[in-house]
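Shown next, in structure tokens, is the structure this report addresses.
The values are calculated or read from the model by the stated rules, or taken from the named source; none is laboratory data. Please read these numbers as outputs of a predicted model, since none were measured by experiment. Methodologically, a virtual Cβ is constructed for each residue, glycine included, from the backbone with ideal geometry; neighbour enumeration extends over all protein chains shown.
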Amino acid sequence: MAVYSSITRSICRIGAACALRLNPTRIGEPDSTQGFSRCETCVKNVQFTPAAGDTRGMSCMNAVDTNVLVYHVDADEPAKRPQAIELLDRLGKAQVETVLLWQVAAEFLSCLRRWENEGRTSRQDTLAYLNAVEPMFRCVLPSQGILRKSLDLSSRYSLSHWDSMLVAACIDAGVRTLYSEDLGDRVEYDSVKVINPFVDRL
């Protein structure tokens with residue numbers, strides 16, 4: 001079952017417009033109507049940065065939680081999927097940088113693998129989704145310090161293990177705003193403010 005219909009978005013982080021049209025059955029094959037094409041430079045410039053590097057001094061970065069990445073490829077979420085797509089498009093064009101936390105990337109892949117095991121998607125689909133997500137934002141690796149920080153956060157805010165690890169990774173990377181469905185809306189955990197992008201703000 002194809003979960004990701006054709007979507008066009010600009011995702012190139014080096015400044016060039018990079019058209020991506022997805023169809024999981026035609027991975028890597030340029031096609032004006034069904035497949036996708038992407039500039040070679042964009043594919044080669046997926047970056048991985050240790051959190052203890054240049055990002056530590058920054059204090060205005062954004063990050064998204066795994067649920068945002070999952071919703072943006074999930075055809076079974078007709079209401080939340082367009083919202084997730086719009087959010088990622090907007091963050092990709094914003095002046096404030098958005099980073100992909102390593103934990104989020106790993107959890108996203110875990111979800112895709114689970115869909116494979118359930119017969120919902122194929123390995124080809126998984127590769128297509130990864131090809132779409134990886135170039136969007138620079139991936140930031142955690143430092144060892146997030147382990148103890150997560151314990152501190154879980155004690156003070158009664159967070160689950162993985163939620164406290166996520167918030168600790170945000171603090172470690174210098175992320176100030178985390179877009180997530182799971183940690184409340186406009187709730188602050190030390191220096192990280194969580195915004196639920198799926199809340200109706202009418």
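Taking the criterion of being touching a Pro at 6+ places or on another chain (Cβ under 9 Å) and aliphatic (A, V, I, L, M), the residues of region 75-121 that qualify are Ala84, Leu87, Leu101. Condition first: surrounded by 17 or more Cβ atoms within 10 Å (Cβ to Cβ), over 23 Å from Ile171 (Cα atoms) and in contact with a helix residue (DSSP H, G or I) (Cβ under 9 Å, 6 or more places away or on another chain). Can you find one or more residues in region 137-144 that meet it? No - not one qualifying residue is present in region 137-144. From the list Thr121, Thr177, exactly one residue is of a type in the set (S, T, N, Q) and modelled with pLDDT of 95 or more. Which is it? None of the others qualify; the one that does is Thr177. When the test is whether a residue is without any contact (Cβ under 8 Å) to a residue 12 or more places away in the chain, under 22 Å from Pro197 (Cα atoms) and within 17 Å of the chain's Cα centre (by Cα), Pro82 passes it.
Among the residues of region 172-202, which ones are over 20 Å from Leu69 (Cα atoms) and surrounded by 18 or more Cβ atoms within 10 Å (Cβ to Cβ)? Don't jump to the end; show me each part of the working.
Going residue by residue through region 172-202, those that are over 20 Å from Leu69 (Cα atoms) are 172, 174, 187-191, 201-202.
Passing the criteria: Asp172, Gly174, Tyr189.
Applying the criterion of being under 22 Å from Lys193 (Cβ atoms), part of a helix (DSSP H, G or I) and hydrophobic (A, V, I, L, M, F, W, C) to the residues of region 130-166, the residue that is farthest from the chain's Cα centre (by Cα) is Leu151.
Being touching a residue at least 12 places away in the same chain (Cβ under 8 Å) and assigned to a strand (DSSP E or B): is that true of Val194 here?
yes
Screening Ser150 on (1) farther than 20 Å from Cys60 by Cα; (2) in contact with a helix residue (DSSP H, G or I) (Cβ under 7 Å, 6 or more places away or on another chain); (3) surrounded by fewer than 20 Cβ atoms within 10 Å (Cβ to Cβ) shows it passes everything except condition (3).
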